[in-house]
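Heads up: the structure comes next, in structure tokens.
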Amino acid sequence: MTITGLTRDDSGIYTAEINGKETSKTKLLVISPVPKPTISVSCEPEMTYCVFTCSGSITGAEPVTYWWTADEKRWNSTNQHKITKVDKELWFSCELENPVSSISSEKVFNPFIEKPLYKKIGDKAVLTPDSVENPITSITWKHGDNIAMVWYGDKPSSYQQFKDRGSLDISTGVMTITGLTRDDSGIYTAEINIKVNSKTQLMVISPVPKPSISVSCKKTYCVYTCDGSTTDAEPVTYWWTADEKRWPSTKELKITKEDKEQWFSCELENPVSSSSSEKVINLFKKELLYGKLGDKAVLTPDSVENPIYRIVWKHGPNIAMQWWHEETSSYRQFKDRGSLDISTGVMTITGLTRDDSGIYTAEINNRVPSKTLLLVISPVPKPSLYISCDPEMTYCVLTCSGSTTDAEPVTYWWTAGKKRWTSTNQLKITKEEKKMWFRCELENPVSSNSSEKVFNPFIEKPLYKKIGDNVVLRPDSVVNPIISIRWKHGPDIAMEWYRYGGTIFSYQQFKDRGSLDISTGVMTITGLTRDDSGIYTVEINNEVNSQTELLVISPVPKPTISVSCDTEKTYCDFTCSGSITGAEPVTYRWTTDDKRWTSTNQHKITKEDKEEWFICTLKNPVSSNSSEKVFNPFIEREGDRTWIYILVPVVAGIVVICIIIACFIYKCKKGKTDGYTFTGLYDIVNQFYKHIGAPAGLYGYTRWSLMRSPVEGRAGELQL
């Protein structure tokens, strides 16, 4: 009998009766795992002894055993341990253990021994002996039992890893080590004038990483976990900050509906560094409102009593918008982007920026009806999945990567087949994992984005084929003679052959499109359709020989590029469009001049980009297709004004001819034989050129043309 999802109520005595007879009894106790303990130290005033107390709530986790570790010793005891000046152990830690779990505290150093000297990898350490009696005739520094540097009246000598990185000041006995590595950690002993002068423990550790906070909630509480690899960075202290409070704690923080803080962040700190996470909002605060960068936010006050005669919205301590005496006023960044509905008190902000984040207070009729915390965050990027496997290929780690700066809080989702679950940004798989592919997704309150599929490295990659093509499915190496062949499509038989029957049988859609080579076991399918996708298993001589996943997909279409620029023309977005339904997985590639790179379906350029043109290409495992060139809107091409040089003379000629004909007709109607002078004709043509932006010089060209016309004329005038 198996029970999943154990609860405390499942504890008790289980009796098994087989065939009406009692065969066994089992007592099951369902208990909690032990928490990570902490050590508190209290010393008596004269510092003759100190007591270490191992603390951690063990309610529901008993029976619990307390273990103590000191340097290389480990023993079980009570939750307290007493030490005196006689104890020379450098550090102590305690461990809680019960039948289902165990966990250790951080190290606590012996208060009777000087604390270690901590340094960061790559830094330098200056090791100083205690007070020195002059003259100094000899200096020896040991790293553990080995000599690191020595001087006896001549030039100092260096040994081991200190040959290139150690230096010695013979006037003070100070030893300096540069470019520290983990191997430099240890106890350094200084011997001055052949007497042990001092001991220093050097600990070379890594800086702490930038942590992230993951959140899991039940109905009545949420647990915030401060995540970050602290390997080689110990000892690490966890700090939590909430609004204006800061306190040390464990890596987990539990909050309930009673906690009124707006947000939380965690900080990792060790003796050489510290780093803080992004803020994560209190999920029990209902007035939290997320806005996406560039979008709009609608801030709504709580129930309002009519009539409304005054409205004031504050952003932090400053007034953002107000309505009073029938006049609406906007301030600071809200002048051009804020609007106020005086009938409801609703304030709307468009074109959100990060500076718009903060607490908004609405005062209606001089009363504060509500507060709203607005957080303006970026949409999450399209993540990518990277795989790293150990050399023996016993496991692989999938890492979901994508910059989430300014996009927090972000949840990582994983999808494998039909399963979807939340986790961290890493997923570890082994050979036992049978899912064909994995995908990760970044999600925050304003957006979500998924990576491309990554196939299980422990399973052979799928075989992709195009709709309408043929496929040849081959078994692995075959031992002759072949006496039977069976190909399955999923759980169903596709084709089979038995030597002693002699007939090849085909089933379902493979009756008309499948063929089998009985000498090699190869199965061929023609005229592929989407329904042919799936896992094909071949059994040769009644033994499973191999599996192949076939994916039948469409070719990619010819993409098009659309261009949209901001109103100030500071940047333009190129979007590569084309229906990829049924054609995935699809990769987007961009080409410009001599460069080519893989990216998303969008590419952003600014005035600084000097490429003349861009092309996007859609590519999948069975096809690829490229768009037409789209030219850089920030670069004026040589041919852009060619039409002016062609069109302007033509239009100018037509205009001049029309004017001459009109004048001639006018003269005929009047019945006059004397000439008409049009001294303003050149000015008219000139204004026309200026209006259409014609290049300089065309005016002179047209003037010359008019002067050369069959009509009699002289400089400055035309005469009919």
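The values are calculated or read from the model by the stated rules, or taken from the named source; none is laboratory data. Everything quoted here is computed from the prediction, not taken from an experiment. So basically every Cβ, Gly included, is an ideal-geometry build from the backbone, and we count neighbours across all protein chains shown.
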- Has segment 101-114 got at least one residue that is charged (D, E, K, R) and under 42 Å from the mean Cα position of the chain (by Cα)? yes
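Take Tyr507 and decide whether it is in contact (Cβ under 8 Å) with a residue 60 or more places away in the chain, surrounded by 14 or more Cβ atoms within 10 Å (Cβ to Cβ) and farther than 30 Å from Ser214 by Cα. Break it down stepwise before answering.
On the way: in contact (Cβ under 8 Å) with a residue 60 or more places away in the chain: no; surrounded by 14 or more Cβ atoms within 10 Å (Cβ to Cβ): yes; farther than 30 Å from Ser214 by Cα: yes.
In short, no.
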When every residue in segment 285-312 that is at pLDDT 80 or above and among the basic types (Lys, Arg) is compared, the one nearest to Asn365 (Cα to Cα) is Arg310
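Given the criterion of a type in the set (D, E, K, R), within 27 Å of Asn456 (Cα to Cα) and under 31 Å from the mean Cα position of the chain (by Cα), identify the matching residue among Glu568, Glu584. Outline the logic, then answer.
Details: Glu568 fails: within 27 Å of Asn456 (Cα to Cα).
Step by step, each of Glu568, Glu584 is checked, and only Glu584 is of a type in the set (D, E, K, R), within 27 Å of Asn456 (Cα to Cα) and under 31 Å from the mean Cα position of the chain (by Cα).
What number of residues in segment 565-586 are over 16 Å from Thr617 (Cβ atoms) and in a strand (DSSP E or B)? Spell out the reasoning first.
Of segment 565-586, the ones over 16 Å from Thr617 (Cβ atoms) are 565-573, 581-582.
From what is left, the residues that are in a strand (DSSP E or B) are 565, 571-573.
Selection size over segment 565-586: 4.
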Scanning segment 252-270 for residues that are surrounded by 18 or more Cβ atoms within 10 Å (Cβ to Cβ) and within 22 Å of Ser40 (Cα to Cα) gives Leu253, Cys266, Glu267, Leu268, Asn270
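If I filter segment 297-317 down to residues being charged (D, E, K, R) and in a strand (DSSP E or B), which single residue comes out as surrounded by the most Cβ atoms within 10 Å (Cβ to Cβ)?
We begin by selecting, within segment 297-317, every residue charged (D, E, K, R); these are 302, 305, 310, 314.
Filter again for in a strand (DSSP E or B), leaving 310, 314.
Working: Arg310: 15, Lys314: 19.
The qualifying residue surrounded by the most Cβ atoms within 10 Å (Cβ to Cβ) is Lys314.
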Scanning segment 318-351 for residues that are part of a helix (DSSP H, G or I) and surrounded by 13 or more Cβ atoms within 10 Å (Cβ to Cβ) gives Gln333, Phe334
Picking from Leu268, Leu299, Leu293, Leu340, the residue that is without any contact (Cβ under 8 Å) to a residue 60 or more places away in the chain and not assigned by TED's automatic domain parsing to the domain that holds Asp566 would be Leu340
Note on segment 250-268: residues of a type outside the set (Phe, Trp, Tyr), within 26 Å of the chain's Cα centre (by Cα) and within 11 Å of Val280 (Cβ to Cβ) are Leu253, Gln262, Ser265, Cys266
Regarding segment 271-291, can at least one residue be identified that is of a type in the set (Ser, Thr, Tyr), touching a strand residue (DSSP E or B) at 6+ places or on another chain (Cβ under 8 Å) and buried (at least 17 other Cβ atoms within 10 Å of the Cβ)? yes
By residue number, the members of segment 176-217 that are of a type in the set (Val, Ile, Thr), surrounded by 17 or more Cβ atoms within 10 Å (Cβ to Cβ) and either more than 30 Å from Gly402 (Cβ to Cβ) or more than 41 Å from the chain's Cα centre (by Cα) (or both) are Ile177, Thr189, Ile192, Thr200, Val204
Counting only strands (runs of 3 or more DSSP E) wholly inside segment 399-469, the ones holding at least 1 residues that are under 24 Å from the mean Cα position of the chain (by Cα) are 411-416, 419-423, 426-430, 437-444, 447-450
Residue set Lys119, Lys82, Lys107; condition out of contact with any Cys (no Cβ under 6 Å at 6 or more places or on another chain), among the charged types (D, E, K, R) and farther than 30 Å from Ile58 by Cβ; output residue Lys119
Next on the checklist: Among the residues in segment 552-570, are any free of Cβ contacts under 8 Å to residues at least 24 places away in the same chain and either among the aromatic types (Phe, Trp, Tyr) or within 30 Å of Asp492 (Cα to Cα) (or both)?
Outcome noted: no
Over segment 387-408, the set of residues more than 18 Å from Tyr290 (Cβ to Cβ) and touching a residue at least 40 places away in the same chain (Cβ under 8 Å) is Ile387, Cys389, Met393, Cys396, Leu398, Cys400, Gly402
(1) modelled with pLDDT under 90; (2) under 20 Å from Gly228 (Cβ atoms); (3) not charged (D, E, K, R) all hold for Trp437 apart from (2)
Of those in segment 484-502 that are modelled with pLDDT under 90 and more than 20 Å from Ile535 (Cβ to Cβ), the residue surrounded by the most Cβ atoms within 10 Å (Cβ to Cβ) is Arg499
Matching residues in segment 193-251 (of a type in the set (A, V, I, L, M), over 30 Å from Lys142 (Cα atoms) and not in a strand (DSSP E or B)) number 0
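Restricting to segment 542-564, count the residues that are at pLDDT below 90 and surrounded by fewer than 18 Cβ atoms within 10 Å (Cβ to Cβ). Even if it seems obvious, please write down each step before you answer.
Start the filter on segment 542-564 by keeping residues that are at pLDDT below 90, which leaves 542-549.
Filter once more, so that each one left must be surrounded by fewer than 18 Cβ atoms within 10 Å (Cβ to Cβ): 542-544, 546-547, 549.
Total meeting the criteria: 6.
Go through segment 508-564 and tell me which strands (runs of 3 or more DSSP E), entirely inside it, have 1 or more residues that are within 33 Å of the chain's Cα centre (by Cα) and closer than 30 Å to Lys604 by Cβ. Show your work before the answer.
Values: elements: 514-517, 522-525, 534-540, 543-553.
The strands (runs of 3 or more DSSP E) meeting that bar are 543-553.
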